[in-house]
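Peer 1: Take a look at this one; I'll ask things after.
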Amino acid sequence: MYDLIIIGSGPAGLSATVYGKRAGLNLLVIEQSGMSGGQVLTTYEVDNYLGLPGINGFDMGMQFRAHADKMQAAFCEESVIRIEDGEEAKTVVTDKNRYETKTVLIATGASHAKLRVPGEEELTGMGVSYCATCDGAFFRNRTVAVVGGGDVAVEDAIFLARGCEKVYLVHRRGELRAAKILQENLRELPNVEILWNQVVTSIEGDGQTEKMIVRSTKDEKEKEIAIDGIFIAVGIHPNSAFVEGLLDMDDNGYIKAGEDGRTSVAGIFAAGDVRTKRLRQIITAVSDGANAVTSVQDYLLSQ
């Protein structure tokens, strides 16, 4: 019987691991990918984490894991299928085992929707990004593209236009889905060009993003556009399907949980990008992990 099982070992899960071990909890971390760090592993450079400006994303993930290993935390590589809520304990069911625990912390993060076009995977972290607030500063006075037509895409374009020389907004339809006020703000920017009825068919470059190929959805004509970076904002999906029906979620599948990490089921907590929150960044995920463990301790003391 564990005191705590942590599902996921990105920044939120690893932060919770360190705090949990320091609190003397008997815990287990389950990570399905076999490598800790989460989305940060694919970030070429992290420039907004306090005290570590310019650190390589992969190195940051490895440092986070090394800290947890130093605390002698137990890890296993398995995929969680479901959580069963019992009267006296929870059961975490994986593809290999069943684990009994008093509490569970879900820190499975979220996944960015991808274009799935040639060059996207190869150039991720080398001009291809899914987070304008994370990586936009690296493209000051340069030319970039944003792909998407919703609130996030338009917000990203507005944010990038403050520092970039030129911003293309590529949208597959003839009108945006973003809020009207955002659209009005976007159209006031002289360095933003909207490419209507266009889809990106490939991203190209030799070790660094250099251009994109776009195709018209009306006449199928293609053209090449030189860019230094491309920000993909076509959606993000929380990794929460395995607890659907067990926990309360919002319309987008994010687990409803506040800063304390408490969910709709006593003894089950959520931290990081998988929960409802305003800002999804490495630093807020780390904070979530610490807060959630404090809630776990309070829960265990109350039992």
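Computed from the coordinates by the stated procedures, all read-outs in this text should not be read as laboratory data. Fair warning: this is a prediction, and the values are worked out from it, not measured in the lab. With ideal geometry, Cβ positions are generated from the backbone for all residues, glycine too; neighbour counts draw on all protein chains shown.
Peer 1: If I fit a long axis through the Cα atoms of helix 282-302 and take the longest principal axis of the Cα atoms of the chain, what angle between them do I get, 0 to 90°, rounded to 10?
Peer 2: Relative to the chain, helix 282-302 is tipped by roughly 20 degrees.
Peer 1: Taking C-beta distances below 4.7 angstrom as the pairing criterion, name the unpartnered cysteines of the chain, in sequence order.
Peer 2: Lacking a cysteine Cβ partner under 4.7 Å: Cys76, Cys164.
Peer 1: Let me ask something else about it. Sorted by average packing, counted as other Cβ atoms within 10 angstrom per residue and highest first, what order do 64-72, 23-31, 224-232, 150-158 take?
Peer 2: In descending order of packing, they fall as 150-158, 224-232, 23-31, 64-72.
Peer 1: How far is the Cα center of segment 237-300 from the Cα center of segment 101-160, in Å?
Peer 2: One Cα centre to the other: 21 Å.
Peer 1: To the nearest 500 deg cm²/dmol, what mean residue ellipticity at 222 nm is calculated for the chain from DSSP H runs of n ≥ 4 alone, each contributing -39,500 (n - 2.57), summed and divided by the residues?
Peer 2: -7000 deg cm²/dmol
Peer 1: So which residue, out of Cys76, Cys131, Cys164, gets the largest mean-square fluctuation from a GNM of the chain using Cα contacts under 10 Å as springs?
Peer 2: Highest fluctuation of the listed residues: Cys76.
Peer 1: Top mean-square fluctuation among Ala132, Ala110, Ala89, Gaussian network model of the chain, C-alpha springs under 10 Å?
Peer 2: Among Ala132, Ala110, Ala89, the largest GNM mean-square fluctuation belongs to Ala89.
Peer 1: Which one of Asp85, Asp219, Asp248 has the biggest mean-square fluctuation once the chain is modelled by GNM with Cα springs under 10 Å?
Peer 2: Judging by the Gaussian network model, the answer is Asp219.
Peer 1: Quick check: pseudo-label points 7 Å beyond the Cα along Cα→Cβ at Ile283 and Glu121, how many nm apart are they?
Peer 2: 3.3
Peer 1: Hey, rough spin-label estimate for Lys218 and Arg98, points 7 angstrom out along Cα→Cβ, what's it come to in nanometres?
Peer 2: Here the answer is 6.1 nm between the modelled labels.
Peer 1: Now a separate question. Show me 92-99, 170-177 ranked by packing, highest mean number of other Cβ atoms within 10 Å first.
Peer 2: My ranking of the peptides, most packed first, is 170-177, 92-99.
Peer 1: In debye, nearest 20, what is the charge dipole magnitude of the chain about its Cα centre with +1 on Lys and Arg Cβ and -1 on Asp and Glu Cβ, if you could check?
Peer 2: Result for the chain is approximately 300 debye, rounded to the nearest 20.
Peer 1: Residues with beta-carbon under 12 Å from that of Leu25, excluding Leu25: net charge, scoring Lys, Arg +1 and Asp, Glu -1?
Peer 2: Around Leu25, the charge tally is +2.
Peer 1: What angle do you read, to the nearest 10 degrees and between 0 and 90, between the alpha-carbon axis of helix 151-161 and the longest principal axis of the chain?
Peer 2: Relative to the chain, helix 151-161 is tipped by roughly 60 degrees.
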